[in-house]
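> Can you read through this structure? Questions will come right after.
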Amino acid sequence: MKERPIGVFDSGVGGLTVVHALREACPHESIVYFGDTGRYPYGVRSKRVIVEFSRQLALFLEREQCKFLIIACNTASALAIDETRQTVDVEVIGVIEPGALGAVQATRNNHIGVIGTEATINSSSYVSAIHALKPDAQVTALACPLFVALAEEGYSGKEATRLVAEEYLAPLRDAGVDTLVLGCTHYPLLKSDIAEVMGPNVTLIDSATEVARVVGDRLRLRNHHSETHETTSYRYFVSDTPEKFARVGKRFLGHDVAPVTLIDLEDLHHLHDTTISKQ
Ligand code: DGL
């Protein structure tokens, strides 16, 4: 069990922010990553479709003998965690609860902001997770869809990003939140732009860092953590454009992204069909 990899999936390249955090928090762990680049983005899709895609990716990673699954995608975590848990026998964690916990621990004035994709914000998952921990917290949530493209294009620090950030975030800043959850895989790349608009008194919560810490703690608690570098490996799978994934991914990971293997979408569909007919 100890030497088996951790599985991580996302709608595309953004979940590499979670891989980055995981490599820092658990340097001995092997990781198998699936980026669903062929069906990206998830943030504008319906629950039905996101559930279907998430199940397929979880089954793929279970077949890779993963000892633990992380849904790195905030949108999939928000809309499909229960169904994903029902699909596989491996323990599954999403980014919503760890992000909510980090925010509740950080807030001083009890007013928390959350930003994410449209699907994540419309699901109210962060609001529910925060209220489950702190029923009296005031939560202001806002979709910031343009941030995703700006992060992928490497637009951190540029004027266009500053203008978009000001437009999106001014209402949150003016509402007086003292803590802001970066509820999307891509937003950590724009952390400095977001911090500049929000000001020095607002704590930014990075769900990627929070989930990596929780996973490290759980593996150690169960004695399932890897103790050696000798078997550590990283493997990446995508459903389209592996070259682009490797190129853009380097910005998210801070390392070369290799080896990247292309998986046919038909194979993913087939995986799910086989499991359904077994039940
Ligand atoms: N990975 C998605 C998330 O964290 C953002 C990109 C997408 O829309 O698929 O919500």
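> What number of residues in region 1-13 are more than 19 Å from T261 (Cβ to Cβ) and not acidic (D, E)?
Residues meeting the conditions: 2.
> So, T37, is that one among the β-branched types (V, I, T), within 14 Å of the chain's Cα centre (by Cα) and within 16 Å of the ligand (Cβ to nearest atom) or not?
Considered against the rule, which asks whether it is among the β-branched types (V, I, T), within 14 Å of the chain's Cα centre (by Cα) and within 16 Å of the ligand (Cβ to nearest atom), T37 comes out as no.
> Go over the candidates V13, V32 one by one and state the one that is hydrophobic (A, V, I, L, M, F, W, C) and farther than 21 Å from P188 by Cβ.
Answer to the selection: V32.
> What's the number of the only condition in (1) out of contact with any strand residue (DSSP E or B) (no Cβ under 9 Å at 6 or more places or on another chain); (2) under 21 Å from V260 (Cα atoms) that R48 fails to meet?
(2)
> A follow-up question, please. Restricting attention to region 118-165, and to residues there that are among the hydroxyl-bearing types (S, T, Y) and not in a loop (DSSP other than H, G, I, E, B), which single residue is surrounded by the fewest Cβ atoms within 10 Å (Cβ to Cβ)?
Per the stated criteria, the residue is S128.
> Write out, first by first residue and then by second, each pair whose Cβ atoms fall under 8 Å of each other, whose residues are 6+ apart or on separate chains, and whose first residue, in region 170-190, is closer than 11 Å to F147 by Cα while the second is more than 16 Å from the ligand (Cβ to nearest atom) and part of a helix (DSSP H, G or I).
Close Cβ pairs satisfying both conditions: L190/T161; L190/A165.
> Same structure again: Among the strands (runs of 3 or more DSSP E) lying completely within region 1-95, list those that include at least 1 residues that are open to solvent by less than 10 Å² (accessible area, probe 1.4 Å) and of a type in the set (D, E, K, R).
In region 1-95, 6-10 are the strands (runs of 3 or more DSSP E) which contain 1 or more residues that are open to solvent by less than 10 Å² (accessible area, probe 1.4 Å) and of a type in the set (D, E, K, R).
> So, one more: I'd like to know if region 99-110 contains one or more residues that are within 12 Å of the ligand (Cβ to nearest atom), open to solvent by less than 10 Å² (accessible area, probe 1.4 Å) and at pLDDT 95 or above.
So far as region 99-110 goes, yes, one or more of its residues are within 12 Å of the ligand (Cβ to nearest atom), open to solvent by less than 10 Å² (accessible area, probe 1.4 Å) and at pLDDT 95 or above.
> Let me spell it out: the conditions are (1) assigned to a helix (DSSP H, G or I); (2) over 22 Å from E210 (Cα atoms), and Q105 meets all of them except one. Which number is the exception?
For Q105, the failing item is (2).
The values are calculated or read from the model by the stated rules, or taken from the named source; none is laboratory data. In this text the structure is predicted, and so the values were computed from the model without any measurement. Virtual Cβ from ideal backbone geometry, glycine too; neighbours counted across all protein chains shown. The protein model used for the area step is the full one, side chains on, heavy atoms only, and it has no ligands, DNA or RNA in it. Shrake-Rupley method; radii C 1.70, N 1.55, O 1.52, S 1.80 Å.
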